[in-house]
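Written below as structure tokens is the structure these notes are about.
The values are calculated or read from the model by the stated rules, or taken from the named source; none is laboratory data. Just so you know, these numbers come straight off a predicted model, no measurement behind them. Cβ coordinates were reconstructed from backbone atoms using ideal geometry, including for glycine residues, and neighbour counts include every protein chain displayed. Keep in mind that these areas ignore ligands, DNA and RNA; they rest on the heavy atoms of the full protein, side chains included. Shrake-Rupley method; radii C 1.70, N 1.55, O 1.52, S 1.80 Å.
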Amino acid sequence: MSRSSAFPSGTGPLGARIRALIETGGPLSVFDFMGLCLTDPEHGYYMRAEPFGADGDFITAPEVSQFFGELVGAWAVAAHAALGSPRPFHLVELGPGRGTLMADMLRVAALRPAFREAASLHLVETSRRLREIQRATLGDASATARWHDRIADLPEDAPLVVVANEFFDALPIRQYVRTAQGWRERAVGLDEQGALRFVAGTGSLDAAELPAGLAGAAEGTILETQPLANALMEELGARIARQGGLLLAIDYGYARTAPGDTLQALRAHRPVEVLAEPGRADLTAHVNFEALARAARAGGLRPRALTTQGDFLLGLGLLERAGQVGAGRSPQEQERIRGEVERLAAPQEMGELFKVLAVAGPDVVLPLFDGV
Ligand code: SAH
């Protein structure tokens, strides 16, 4: 049976399943909808097609340029030294995608045997398909690397040096909408034609979650919370507080809690309707770094002042590194390198929207973040 509506909504096999779920059980929260779209074992976005790169749906910083992973690697080497060069330690990446960031980090780390030989590799990745790609990208290093489904499965016997690029944005969020009856959890229901649409669900917002100043917000105002991202950060914070180590999270997001709908779907580098093709488009939300920093503190760590991707990379010598690599190359190659630098660090590109949060124990003197 085909159904018509103004916007074709909820197409594809996962769309059909979600509509059936709603018909029997009522609206699905945005949180449950997002979770199904991203990680459903059969039709979830990360379980299926190839999302990354020029032929995929989006390009992340490590895929834009090798400079990104190399500079993060150089920072990790210096940060490990700032921890007192623990040996052994666990080098952990959350949501490694194609494995490019880790491969680029390891290339730099190979120059520092004290770091490389002390590190055991751990990749937290739910997608079996992406694990295979990561294994291939890592080459020889994959022989001793270990993959985990969950952060909770990481070993407890040594310090953790954790990096996460565009990991937290891929976790389901909750949305609340201000209605005449107060704040209600935003959910996905069905319209008269049976197509997916947003509705005000039955759940309400815990008063403690409402930021000061939003009590009188206009009807229709949307507020997002990220309980899963915060819980994972708190868990990691507690682990690092116990075991030693640090964490570097890079993602797009905002520095202070503010209302707004940041849920977005991307397919083939273009924004598409969030409800249009469940499981076929990448779904993400901007990260609330204020909440993430608070969660790290609750775990027992000190979050350092938030910086931007542009300032972080420039501070680590992006321009010098690009100049070094470009020296003696053809004008076309130099143009390509200039383009990569722009893309990563220019304010109108990834430089300002993307933020960098570093967290560690209160006494660690972190390179770049603690004035060294
Ligand atoms: N860091 C990579 C990829 C970012 S996309 C890059 O910068 O290119 C998000 C990654 O997180 C994917 O590898 C995805 O499979 C993984 N992921 C998403 N949700 C996850 C979860 N709950 N646990 C572990 N990995 C997850």
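List of remarks:
- Each Lys and Arg contributes +1 and each Asp and Glu -1, all at the Cβ; summed about the Cα centre of the range 159-241, the dipole is approximately 80 debye.
- For the chain, built as a Gaussian network whose Cα springs stay under 10 Å, the top-fluctuating residue of 63, 209, 93: 209
- Working note: Karplus 6.51/-1.76/1.60 with θ = phi - 60° gives the range 196-204 the couplings 6, 8, 7, 9, 7, x, 8, x, 10 Hz, where Gly and Pro are set to x.
- Each of 364, 313, 88 was scored by the projection of its Cα onto the charge dipole of the chain, and the greatest displacement toward the positive side belongs to 88; charges sit on the C-beta of Lys, Arg, Asp and Glu.
- Sorting 169, 157, 370, 261 by solvent-accessible area of protein heavy atoms yields 157, 261, 370, 169, largest first, with a 1.4 Å probe.
- Cα-centred dipole magnitude for the chain, charges only on beta-carbon of K, R (+1) and D, E (-1), debye, nearest 20: 300
- At q = 0.12, 0.13 Å⁻¹, base-10 log of I(q)/I(0) for the chain (Debye sum, equal scatterers on each alpha carbon): -0.94, -1.09
- The range 82-128 - charge dipole about Cα centre, Lys and Arg +1 at Cβ, Asp and Glu -1, debye rounded to 20: 100
- Element breakdown for the range 81-138 at a 1.4 angstrom probe: carbon and sulfur atoms account for 55% of the accessible area.
- Added length on full extension, which subtracts the Cα-Cα distance from 0.36 nm per residue, residue 327 to residue 297: 6.4 nm
- Computed helical MRE - 222 nm, the chain, DSSP H runs ≥ 4 contributing -39500 (n - 2.57), nearest 500: -10500 deg cm²/dmol
- Volume in Å³ per residue [convex hull over Cα atoms, computed for the range 261-326]: 167
- Surface accessible to a 1.4 Å probe, per residue, for the residues of the chain, Å²: 44
- Cα-Cα P(r), the range 94-213, percent of pairs per 10 Å interval: 11, 30, 20, 18, 16, 5, 0
- Among the GluC sites (Glu not before Pro) found in the range 334-372, those both in a DSSP coil and sparsely packed, with 15 or fewer other Cβ atoms within 10 Å of their Cβ, are 352.
- Expressed in Å, the radius of gyration and Dmax of the Cα atoms of the range 1-126 are 20.8, 65.
- Coupling constants for the range 333-348 follow from the phi torsions by the Karplus curve (6.51 cos²θ - 1.76 cosθ + 1.60, θ = phi - 60°), and in residue order they are 4, 5, 5, 4, 5, 4, x, 5, 4, 3, 4, 6, 10, 5, x, 7 Hz; glycine and proline get x.
- The shape of the range 134-289 comes out oblate: with a ≥ b ≥ c from the C-alpha gyration tensor, a/c is at least 1.5 while a/b does not beat b/c.
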